[in-house]
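Since the structure comes first, as structure tokens, the remarks are kept for the end.
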Amino acid sequence: MDMEKILIVGGSSGMGLALAGRCLAEGARVIIAGRGEAKLSAAREALGRRDTLEMAVADISREDEVAALFQRIGRIDHIVSTAADIEGAYRLLPEVELSAAQRVVESKFYGPLLLAKHGAPMLPPSGSLTFVSGIAAYRPAARGAVVAAVNAALEGLVRALAVELAPIRVNAVSPGWVDTPIWEFVAGDRKAETLAAMAERLPARRVGKPEDIADAIRFLIGNRFTTGETLHVEGGHRLV
């Protein structure tokens, strides 16, 4: 990974931040991107490595901003998106607001689609795109219909893009329950209690950490014989 150039959308927190730290430690040049300049600046301070770390403010649901992003950064080796806007999406069906559902689709489906459209021409044949779906596609629950559907759609997109963009590799990681700030939107002040209950159920006997998902994404970036796949990193959640 030494001196490879990697774009991480969602790199200011959670899984993306963990991945940025790992890639920087391995000698990569990293660009963290997201909508919030303050969060990106805080992440940049936390990560250090100012000589090999850049930040870019961009909303990947807007095609003009995605196109401008790649015009600025130019050639790149790998593209990753961990971005997900699920605020307000975990609701029972009668309470679901279309605007919240649309934000999930924009961040987790249209965003990856636009990153592929405008980013693939900037990648070498050995390059890759890696996106993040999730366990909801396999273990849906009440209140999770929107997220389950979008995760499943993203995995379908990954398979199709792996064929269309070959030999560029396109993959997804499907995390289980991971202790990240996103759980504040899902469980509120019951976050710790909810995660602890799931940890007791899982064969792994714990929920995930951002570093677990970063490890999986790092594998997909580096393994040149893996494409069109969804790598499940969920502590055995599909088994229980």
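For THR226 and ARG143, what does the FRET efficiency come to when R0 = 35 Å and r is the distance between their Cβ atoms, rounded to the nearest 0.05?
Details: r = 33 Å, r/R0 = 0.94.
Step by step, r from the Cβ atoms, then E = 0.60.
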Trypsin sites (Lys or Arg not before Pro), restricted to segment 49-100: which are DSSP loop and have at most 10 other Cβ atoms within 10 Å? ARG50
From DSSP H assignment alone, runs of 4+ in the chain each adding -39500 (n - 2.57), the sum over residues rounded to the nearest 500 puts [θ] at 222 nm at -12500 deg cm²/dmol
Take GLU54 and ARG91, extend 7 Å from each Cα along the Cα→Cβ direction, and tell me the distance between the two endpoints in nm. 3.9
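Quick one, can you get me the convex hull of the C-alpha atoms of segment 98-148 expressed as volume per residue in Å³?
On the way: hull volume 3.5 nm³, N = 51.
Output value, Cα hull per residue: 69 Å³.
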Between ARG29 and residues 5 or more places away or on another chain, the pairs with built amide H atoms under 5 Å apart involve MET3, GLU4, LYS5, ILE6
How large is the Rg to Rh ratio of the chain when both quantities use alpha carbon positions and Rh follows Kirkwood? 0.95
For a label point 7 Å along the Cα-to-beta-carbon line of LYS117, residues of segment 37-74 with backbone N under 19 Å: 58-74
Within segment 146-218, which trypsin sites (Lys or Arg not before Pro) sit in a loop by DSSP and count at most 16 neighbouring Cβ atoms inside 10 Å? ARG205, ARG206
With each pseudo-label sitting 7 Å past Cα toward Cβ, what's the ALA68-ASP2 distance in nm, one decimal? 3.8
Go through ASP77, ASP215 and list them by solvent-accessible area, largest first, probe radius 1.4 Å. ASP215, ASP77
Want the number for MET198 to ARG75: 0.36 nm per residue separation, take away the alpha-carbon distance, what's left? 40.1 nm
List the lysines whose Cα sits under 20 Å from the Cα of LYS191, skipping any in the same chain fewer than 8 residues away. LYS209
Tally up the carbon and sulfur contribution to the accessible surface of the chain as a whole percent, 1.4 Å probe, everything protein left in place. 54
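The values are calculated or read from the model by the stated rules, or taken from the named source; none is laboratory data. Just so it is clear, the model here is predicted, and its values are computed rather than measured. Every residue, glycine among them, receives a Cβ derived from its backbone with ideal geometry; neighbour counts consider all protein chains shown. When the accessible area is computed, the model is the full protein with side chains, heavy atoms only, and any ligands, DNA or RNA have been set aside. Shrake-Rupley method; radii C 1.70, N 1.55, O 1.52, S 1.80 Å.
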